[in-house]
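Undergrad: Quick one: this structure, given as structure tokens, is what I'll be asking you about.
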Amino acid sequence: MLQISALLLLLFVILSLAALCLGAIHIAFSDVVRAIVSALSGKTPASEEELILFSVRLPRILFAGIVGASLSLGGVVFQALLRNPLADPYVLGISGGSALGAIIGIVLGASSFYLGVPFLAFSGALITVFLVFIVAGGPRGVLLDNSLLLAGVVVNSFFSAAILFALSIVNSMELHSISFWLMGDLSRVALKEIAVAALCLVACFAILYMQARKLNLMVQGEETALQLGVNVRATKYVLLIVTSLITSVVVSLAGIIGFVGIMVPHMMRLVFGSDHRLLMPAAALFGASFLVVADTLARIVITPAELPVGVITALCGAPYFIFLMRRKGRD
Amino acid sequence: MSILYAQNISFRYTNKPVITDVSFALDEARIVAVIGPNGSGKTTLLKILNATLFPNTGQMFIESRDTQHWSRQEIARTVAIVPQESPAIFSFFAEEIVLMGRFPHLSSWAFEDKKDYRIAREAMAKTDSLPFARCRFNELSAGERQRVLIARALAQEPKILLLDESTVFLDLKHQSQFLSLLRELNREQHLTVIFVTHDVNLAAQNADQILLLYNGKKYAIGTPADVLTARNIKEVYDVDVGIDQNPYNGSTRVTLLT
């Protein structure tokens, strides 16, 4: 497990270095390395290139990594909990609910309270979780495969409409652009917020990782997990709350970025199997790399303009989703 | 002292009563068959025995303690169940599935150690499932999956083993192997075995006691010879049978007369 994690971490570092070179202004790899060495030796960045590297590209790459890791982790947990490889916070509408919560918070002026907006984003995520469970719940709380995805579709389109509605009636500068909330955008984040997201990721990962072995049992079916000694109900609540938290923090800072949470865990499962003790770190690290690449593409394909990163993830994610659905139908 | 004791237990799913006022006491180290027609409450009774479900009225005791007062891990260390089928949505290796049986014995974030691997491998050897330890569980045949699930239950090192139609997918060789394994564990480790089956002759040959359920009620409990009478079977299953002794082992034999 440690070797695989180390390899994936190495992959992330290499891709990040490459991402540092690329952009509207190309910076040679040797210059990037020189700049990093001089920064590590304590010199303050002086040249224009160094400024671009350290105050624009590096924070953004780190943020992309954190967001990618968080979304992938959320996908892993939701897929296990619902025993459905098509589930993730985006497809189930939880990202949408979180965004709506955040927007309502901003419109109502919650940003003047400490943690007001993140709290409302978190509430939006939690409410959506319960909403989706109620809509999709069959007899005796059994979740039916298709009804879950349908519930997600319904909830998602409702939230998109509500978000557009809120944005068109308030037109506040604080709400950024529409694309930020609907397609995700990693360019407008402050260092302090990156630190919050990083802290949240580390804490949530630690809590989720402690449940990894229980998750292995939960995917065998809740009854089986119960019979093998898992306190299913308590575990489920912990997982749902922590995953909602991680999702809402990411959404309130980066907007809604879809499909990362489906593609990354699925690829990792194909390669490494389903043991969550390996799957969790692998998906988090690979998700980080994946979003760094996606965001770099978003920065460079139409230079000097930029795409929202969600455009890239949806362009590769949606076909992948269809491929997964067809495969699942065949099995 | 009885290891399992049901005191007037009743259970209903919303409006449908499934188990009605059932009482019995089972001694340690017995092999007990639970039989009865479809919908007579056999599987539900198993789920009450291992505290997957709790009776709406009455009390279920394991080792004289109400199942309500056991922690999940304690129950899983004492009672193991082999389910009819296990859904396999995400792929795990057969060995990983068996190792899951060690969960109740480990503290919550420990990895399995050498001892756990040894116990899992021994359980797989006993059920002849070692050859596919490194195969994907969802790619195995139904019978092979069942042997893996039996191994998982053995890896729990339970005192009570519950079997829900666990021989249906096994071929003759593995059926006989499994039955002699059960008798061996019963004899040497005082394992209590409770198995649900539709095969009355399997019950007659292998059980010390038979519990016959009918419409969620206890119709009869006793030795195979006591319970498997033509009258009881006519009453409960509505079929005519002939009863005699199996010339090979002297157990009660039931033959359908149609």
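Undergrad: I need the phi-derived Karplus couplings for region A:277-293: 6.51 cos²θ - 1.76 cosθ + 1.60, θ = phi - 60°, integer Hz, Gly and Pro marked x.
TA: Listing the rounded values in order: 5, 9, 4, 4, x, 4, 5, 5, 5, 5, x, 4, 4, 4, 6, 4, 5 Hz.
Undergrad: Note down the relative contact order for chain B as a percent, whole number, built from C-alpha pairs under 8 angstrom at least six residues apart.
TA: Working: 492 pairs, mean separation 61.8, N = 258.
RCO, chain B: 24 percent.
Undergrad: For each of B:Lys173, B:Lys217, count neighbouring Cβ atoms within 10 Å of the residue's Cβ, then give the residues from fewest to most. Numbers along the way, then the final one.
TA: Numbers: B:Lys173 9, B:Lys217 16.
Ascending number of Cβ neighbours within 10 Å: B:Lys173, B:Lys217.
Undergrad: Could you please tell me the mean projected area of the C-alpha convex hull for region A:1-91, averaged over all directions and given in square nanometres to one decimal?
TA: Working: hull surface 32.1 nm².
Answer in nm², one decimal: 8.0.
Undergrad: Order B:247-256, B:44-53 from most to least packed using the mean count of other Cβ atoms within 10 Å.
TA: On the way: B:247-256: 13.3, B:44-53: 22.1.
Final packing ranking: B:44-53, B:247-256.
Undergrad: Fewest Cβ neighbours within 10 Å first, please rank B:Cys135, A:Cys200 accordingly. Mind showing how you got there, number by number?
TA: Numbers: B:Cys135 16, A:Cys200 20.
Ascending Cβ contact count within 10 Å gives the list B:Cys135, A:Cys200.
Undergrad: Once a ≥ b ≥ c are taken as the square roots of the eigenvalues of the Cα gyration tensor of the protein assembly as shown, is the result rounded (a/c under 1.5), prolate (a/b larger than b/c) or oblate (a/b not larger than b/c)? Write down the numbers at each step before the final one.
TA: On the way: a/c = 2.94, a/b = 2.22, b/c = 1.32.
Cα axes put the protein assembly as shown in the prolate bin.
Undergrad: Compute the distance from the alpha-carbon center of region B:165-217 to that of region A:240-297, in whole Å.
TA: Measuring centre to centre over Cα atoms gives 47 Å.
Undergrad: May I pose another question? Please give the length that would be gained between A:Cys316 and A:Gln3 if that part of the chain were fully extended, namely 0.36 nm times their separation in residues minus their C-alpha to C-alpha distance (nm, one decimal). Could you put the intermediate results ahead of the total?
TA: Values: separation 313, 0.36 × 313 = 112.68 nm, distance 2.86 nm.
Difference between extended and current length: 109.8 nm.
Undergrad: Right, next: Over all pairs of distinct alpha carbons, what does the Kirkwood formula give as the hydrodynamic radius of chain A, in Å?
TA: Averaging 1/r across every pair of different Cα atoms and inverting gives 20.4 Å.
Undergrad: Helix A:191-210: angle to the longest alpha-carbon principal axis of chain A, degrees 0 to 90, nearest 10?
TA: With both axes taken from Cα atoms, the answer is about 40 degrees.
Undergrad: I've got another one for you. Any idea what angle helix A:232-254 forms with the longest principal axis of chain A, computed on alpha-carbon atoms, 0 to 90 degrees, nearest 10?
TA: It is inclined by approximately 30 degrees.
Undergrad: I would also like to ask the following. In what sequence do B:Ser107, A:Ser111, B:Ser10, A:Ser244 fall when counting other Cβ within 10 Å, fewest first? Write down the numbers at each step before the final one.
TA: On the way: B:Ser107 6, A:Ser111 14, B:Ser10 17, A:Ser244 25.
Fewest-to-most Cβ neighbours within 10 Å comes out as B:Ser107, A:Ser111, B:Ser10, A:Ser244.
Undergrad: In terms of the Cα gyration tensor, with a ≥ b ≥ c the square roots of its eigenvalues, is region B:1-144 rounded because a/c is under 1.5, prolate because a/b exceeds b/c, or oblate? All intermediate terms of the calculation are to be shown ahead of the outcome.
TA: Working: a/c = 2.14, a/b = 1.66, b/c = 1.29.
Prolate.
Undergrad: Provide the FRET efficiency to the nearest 0.05 for the B:Thr43-B:Tyr117 pair, computing r from the beta carbons and using R0 = 35 Å. Please report the intermediate quantities before stating the final value.
TA: On the way: r = 32 Å, r/R0 = 0.92.
Once the sixth-power term is evaluated, E becomes 0.60.
Undergrad: Let me confirm one metric for peptide B:66-79, namely the mean number of other chain beta-carbon atoms within 10 Å of its residues' beta-carbons.
TA: Working: counts 0, 0, 0, 0, 0, 2, 11, 4, 1, 4, 7, 1, 0, 1.
What the average comes to for B:66-79 is 2.
Undergrad: Can you list, largest first and rounded to whole Å, the semi-axes you get for chain B by taking the square root of 5 times each eigenvalue of its Cα gyration tensor? Can you show the working numbers first?
TA: Details: eigenvalues 185, 105, 55 Å².
Result for chain B: semi-axes of 30, 23, 17 Å.
Undergrad: Here is a follow-up. In peptide A:206-215, what is the residue-averaged number of other protein chain Cβ atoms found within 10 Å of each Cβ? List each step's numbers first, then the result.
TA: On the way: counts 0, 0, 0, 1, 2, 2, 1, 10, 3, 0.
The shielding value for this peptide is 2.
Undergrad: Still on this structure: Expressed as an acute angle from 0 to 90° and rounded to the nearest 10, what is the orientation of the C-alpha long axis of helix A:260-272 relative to the principal long axis of chain A?
TA: The helix A:260-272 is inclined about 80 degrees to chain A.
Undergrad: Quick one: 3J(HN,Hα) in Hz for region A:113-122, Karplus 6.51/-1.76/1.60 with θ = phi - 60°, rounded, Gly and Pro as x.
TA: Those phi angles translate into 8, 4, 6, x, 5, x, 5, 5, 4, 4 Hz.
Undergrad: May I pose another question? Karplus couplings for region B:222-227 from phi (6.51 cos²θ - 1.76 cosθ + 1.60, θ = phi - 60°), rounded to Hz, Gly and Pro as x?
TA: Using θ = phi - 60°, the values come out as x, 5, x, 5, 6, 7 Hz.
Undergrad: Using amide H atoms built 1.01 Å from N in the peptide plane, name the residues 5+ places from B:Phe11, or on other chains, whose amide H lies under 5 Å from its own.
TA: Amide H to amide H, under 5 Å and 5 or more residues apart or across chains, B:Phe11 pairs with B:Val18, B:Ile19, B:Thr20, B:Asp21, B:Asn56.
Undergrad: Additional query: If you count, for every residue in A:270-281, the Cβ atoms of partner chains within 10 Å of its Cβ, what is the mean?
TA: Working: counts 1, 0, 0, 6, 9, 5, 1, 2, 0, 1, 0, 0.
The shielding value for this peptide is 2.
Undergrad: So for region A:2-330, averaging the separation of alpha carbon pairs under 8 Å that are six or more residues apart and normalising by length, what relative contact order in percent results?
TA: On the way: 467 pairs, mean separation 98.6, N = 329.
Computed value for region A:2-330: 30 percent relative contact order.
Undergrad: Now for a separate question. Straight-line reach from B:Lys234: which lysines have a Cα under 29 Å away, not including same-chain ones fewer than 8 places off?
TA: The reachable lysines, counting only those whose Cα sits under 29 Å from B:Lys234, are B:Lys16, B:Lys42, B:Lys47, B:Lys217, B:Lys218.
Undergrad: Can I ask one more? Please report the antiparallel percentage of the DSSP beta bridges confined to the protein assembly as shown, to the nearest 5. Let's see the in-between values first.
TA: On the way: 27 of 44 bridges.
Given both bridge residues lie in the protein assembly as shown, the antiparallel proportion sits at roughly 60 percent.
Undergrad: Here is a further query. Below 16 Å, Cα to Cα, which aspartates and glutamates can B:Lys159 reach? Residues fewer than 8 away in the same chain don't count.
TA: B:Asp27, B:Glu28, B:Glu63, B:Glu74, B:Glu184, B:Glu188
Values in this text are rule-based calculations from the coordinates and carry no lab data. Bear in mind the structure is a predicted one, so any value in this text is a computation, not a measurement. Using ideal geometry, Cβ is built from the backbone for each residue, glycine included, and neighbour counts are taken over all protein chains shown.
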